[in-house]
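Take a look at the structure set out below.
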Amino acid sequence: LRVKVSGMSGLPEYGIGAATINLTVTDPDDTGYITVYPCGTRPLASNMNYVFDQTVSTSVTTAVSTTGEICVYSSAQTNLIADINSWSATNAGYEPLSPQRLVDTRALSPQGAITVVKKKYGADSELRIKVAGAAGLPGARMSSVSLNVTAVDTEAPSEGGYVTVYPCGTRPNASNLNFTSNQIIPNAVIAPVSANGKVCFYVYGKAHLL
């Protein structure tokens, strides 16, 4: 699905670097995933996962093509609803990138741009990655990153599990993503980056992380 966002719904005709949308999948024919990107070559990345006959939504921040368009790819047939939330101008402090797979902890999947130990992560094994200098990100002077974080093959305690994404150091009492057992569930996360360019992922319960 190719959508021109420039000039629509109050957005300017020119100068849009990125747009934030709330994307909803409804009535899909099969299990699948969504990739939102600035058209052109479709990247190996997912913004949302869904199962048959589910209605599910998530927030997505995406770069916009030079012609003012975004593309939405679905691996299975489904209805789509997109609501625009905000936009940012080119060179306004937020630097949009085409989506890239940074990390994939599943044993049978290829490594992302950052090599990690292939295992489920839980309370006894925090995932710590250096994002500075990886996948086209600058090596310094970066205050935060916009990520799409997916928990896969989850194992949750009775009260439910969650993922906290933070700039390492002292872990905050907060969650970015909540899950029950045997879920595939994503969420958009804007995470500060530590002084040495790192981001940490804490999982209460167990899960593979993308």
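Only the coordinates and a few stated rules stand behind these numbers; no lab work does. As the structure is a prediction and not an experimental result, all values here were calculated from the model. As a convention, Cβ positions derive from the backbone with ideal geometry for all residues, glycine included, and neighbour counts pool all protein chains shown.
Computed values, structure above
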quantity: Ordering of 166-175, 78-87 by burial proxy (mean other Cβ atoms within 10 Å per residue, highest first); calculated: 78-87, 166-175
quantity: Reduced Cα scattering model of region 51-149, Debye log10 I(q)/I(0), q = 0.17, 0.21 Å⁻¹; calculated: -1.09, -1.30
quantity: Efficiency of FRET from Cβ geometry, Arg171 and Arg42, R₀ 30 Å, rounded to 0.05; calculated: 0.30
quantity: Radius of gyration and Dmax over the Cα atoms of the chain, both given in Å; calculated: 17.1, 50
quantity: About the Cα centre, charge dipole magnitude for the chain (Lys/Arg +1, Asp/Glu -1 at Cβ), debye; calculated: 820 debye
quantity: Simple spin-label estimate for Ala107 and Lys198 in nanometres, 7 Å along Cα-Cβ; calculated: 2.7 nm
quantity: Net length gained if the chain between Gln100 and Thr31 were fully extended (0.36 nm per residue, minus Cα distance); calculated: 22.7 nm
quantity: Cβ-based net charge around Pro167, under 11 Å, with every Lys or Arg adding one and every Asp or Glu removing one; calculated: +3
quantity: Sequence-separation-based contact order of region 120-210, relative, with Cα cut under 8 Å and 6+ spacing, percent; calculated: 46 percent
quantity: Pair Thr67, Ser125: separation of 7 Å Cα→Cβ label points (nm); calculated: 4.6 nm
quantity: Reference-scaled alpha-carbon Rg (2.2 N^0.38 Å with N residues) for region 141-210; calculated: 1.11
quantity: Contact order normalised by residue count of the chain, Cα under 8 Å, 6+ apart, percent; calculated: 21 percent
quantity: Cα lying deepest toward the dipole's positive end in the chain, options Val116, Ser6, His208, charges on Cβ; calculated: Val116
quantity: Taking only Cα atoms of region 1-103, radius of gyration then Dmax in Å; calculated: 13.5, 40
quantity: Binned Cα-Cα distances of region 1-51, short to long, each 10 Å bin given as a whole percent; calculated: 19, 47, 28, 6
quantity: Coarse-grained scattering of region 35-88 at q = 0.23 Å⁻¹, given as base-10 log I(q)/I(0) from a Debye sum over alpha-carbon atoms; calculated: -1.04
quantity: Sites excluded, GluC sites (Glu not before Pro) in DSSP loops with at most 11 other C-beta within 10 Å, longest stretch of the chain; calculated: 14-158
quantity: Global form of region 93-138, assessed from the alpha-carbon gyration tensor, a/c cut-off 1.5; calculated: prolate
quantity: Listed residues Ser146, Ser75, Ser88, most fluctuating in the chain (Gaussian network, C-alpha, under 10 Å); calculated: Ser75
